[in-house]
Amino acid sequence: MNNLNLTPMLERFVKEYQNFLEQQDLLSTWKKIMKAVPVGATLKLNKKYNIYYNPKYSYSSFQYLGLYSNKAIREIDKIIKIVDRDFSENELKYTVIYPGQNSSLLESEQN
């Protein structure tokens, strides 16, 4: 979206609208898309704990995640849950972004 040269307020609006369309399952092509992400040396940890972590990443429409390491996609997984974690006021807060606002984290997923 950055190449559209939108104002910050308009960019926020477009992202919120896109999230709404995704939550209503109105963007059907996202179910066929895989996003490849570089993991480098963390590939073994990603596989062991079945998690991908990126502190500066914003979610976009795709259902599969490809872990790229050593010049190849080494693992492809279907996304089950996307969680935003925020540590503020000495408290760790979790927000489930996908699969929807009514979703929550299991206690075992919070560690």
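Derivation of every value follows stated rules applied to the coordinates shown; laboratory data play no part. Please read all numbers here as calculations on a predicted model, not as lab measurements. Every residue, glycine among them, receives a Cβ derived from its backbone with ideal geometry; neighbour counts consider all protein chains shown.
Between Ile97 and Ile79, with labels modelled 7 Å along Cα→Cβ, what's the label distance in nm to one decimal, could you check?
Each label point lies 7 Å from its Cα, and together they span 0.7 nm.
So, R0 is 25 Å and r is the distance between the beta-carbons of Tyr49 and Gln23; what FRET efficiency does that work out to, to 0.05?
Working: r = 27 Å, r/R0 = 1.07.
It comes to 0.40.
Could you give the length gained by full extension between Phe87 and Leu10, i.e. 0.36 nm per residue of separation minus their alpha carbon distance, to one decimal place?
25.0 nm
Given N residues in the range 33-79, what is Rg(Cα) / (2.2 N^0.38 Å)?
Working: Rg = 10.1 Å, N = 47, 2.2 N^0.38 = 9.5 Å.
Rounded to two decimals, the normalised Rg is 1.06.
Check the straight Cα-Cα distances from Lys32 and name the aspartates and glutamates below 13 Å, setting aside those fewer than 8 residues away within the same chain.
Qualifying aspartates and glutamates at Cα under 13 Å: Asp77.
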